[in-house]
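Just below is one structure, and these are the notes that go with it.
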Amino acid sequence: MEPLRLSQAIEENTIELFAWILLFPVTLIDLILSPIAFIDKMSTEMLKANESRFDTRMPPVLFLLFGTVPLSIAIAKTSPGSETMPSLTDAALMLALCIATFPFVWALSTLVARGHRFGRASFREAFGAQCYLFCPGWVSVLLISTASNEELLSSNTASLAAFVILLANVIWLLVTEWKLLMRGSSTIKAVLSFAAAVTLSILAGPMLIALAEATGQKWLS
């Protein structure tokens, strides 16, 4: 029975992996084109039974990690300081925690703006929405970082294109975040929560880099 179980496990994992490869761009395009409608649709998706949940789109946390962690590890392995990089499992966990910091901050801001209790269900929904929203920006940053490492941004035109892509991502994200905060909350609460989230996001980057340097994780900084 063991060889049969092993072959079944390999088959299921292979199908699941290629399903992720297929669903990632589909989910990404749907999200970018209509973010608010997409978030509403995925909130409804979370209420379904486990067997039928996320059949045509990737779940939020998996979507964020699938789009960022492998590429982050590839960049880290080819960058200075890679000698301090731990095992792939530990590196993936550390990257997941770092990447999820920004969705965590904005999820808390969303809950505060809407006056929701800090329960598991409400946090899961808010955090899931933020994982979706932050993935396009992270992917853009990582792809541009890869291009920079390969010296593909040496021309002024390429550098300008990279800047425009990043700027478009920031504008898209901030506009979408503002629209989400304004749903079910007053303007004052939305403004305060938005300002707090932006401030904490700006502070989070240097804090994560300082933590990486303090713990000898030069590959993260």
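Of everything in the stretch 1-21 that is aliphatic (A, V, I, L, M), in a helix (DSSP H, G or I) and more than 18 Å from the chain's Cα centre (by Cα), the residue that is surrounded by the fewest Cβ atoms within 10 Å (Cβ to Cβ) is 4. Among the residues making up the stretch 171-211, those that are hydrophobic (A, V, I, L, M, F, W, C) and under 19 Å from residue 37 (Cα atoms) are 171, 172, 173, 174, 175, 178, 180, 181, 182. Going residue by residue through the stretch 35-46, is there one that turns out to be within 30 Å of residue 172 (Cβ to Cβ), surrounded by 15 or more Cβ atoms within 10 Å (Cβ to Cβ), modelled with pLDDT under 90 and among the charged types (D, E, K, R)? Looking for residues that are within 30 Å of residue 172 (Cβ to Cβ), surrounded by 15 or more Cβ atoms within 10 Å (Cβ to Cβ), modelled with pLDDT under 90 and among the charged types (D, E, K, R), one finds at least one in the stretch 35-46, hence yes. Among the residues of the stretch 184-203, the ones that are farther than 13 Å from residue 107 by Cβ and surrounded by 13 or more Cβ atoms within 10 Å (Cβ to Cβ) come to 8 in all.
Evaluation of residue 71 against the conditions (1) crowded, with 19+ Cβ neighbours inside 10 Å; (2) over 19 Å from residue 172 (Cα atoms); (3) of a type in the set (A, V, I, L, M); (4) under 14 Å from the mean Cα position of the chain (by Cα) shows that the sole unmet condition is (1). Looking only at residues of the stretch 103-147 that are without any contact (Cβ under 8 Å) to a residue 12 or more places away in the chain and either among the hydroxyl-bearing types (Ser, Thr, Tyr) or not in a helix (DSSP H, G or I) (or both), we find that the one that is surrounded by the fewest Cβ atoms within 10 Å (Cβ to Cβ) is 117.
Within the stretch 195-218, the set of residues being at pLDDT 80 or above and either farther than 22 Å from residue 97 by Cα or not in a helix (DSSP H, G or I) (or both) comprises 195 only.
In the set 140, 148, 155, 159, only one residue is of a type in the set (Gly, Ala, Ser) and within 29 Å of residue 39 (Cα to Cα); that residue is 140. Mind listing whichever residues of the stretch 47-68 are over 17 Å from residue 127 (Cβ atoms) and either crowded, with 18+ Cβ neighbours inside 10 Å or in contact with a Leu (Cβ under 6 Å, 6 or more places away or on another chain) (or both)? If the condition is that a residue be over 17 Å from residue 127 (Cβ atoms) and either crowded, with 18+ Cβ neighbours inside 10 Å or in contact with a Leu (Cβ under 6 Å, 6 or more places away or on another chain) (or both), then no residue fits.
Take the conditions (1) out of contact with any helix residue (DSSP H, G or I) (no Cβ under 8 Å at 6 or more places or on another chain); (2) within 12 Å of residue 177 (Cα to Cα); (3) not small (Gly, Ala, Ser); residue 106 misses just one of them, which is (1). Does the stretch 189-199 include one or more residues that are of a type in the set (Lys, Arg) and under 24 Å from residue 27 (Cα atoms)? No: zero hits. Here residue 51 meets the list (1) more than 17 Å from the chain's Cα centre (by Cα); (2) under 30 Å from residue 212 (Cα atoms) almost entirely, failing just condition (2).
The values are calculated or read from the model by the stated rules, or taken from the named source; none is laboratory data. Model, not experiment: these values are computed from the prediction. Using ideal geometry, Cβ is built from the backbone for each residue, glycine included, and neighbour counts are taken over all protein chains shown.
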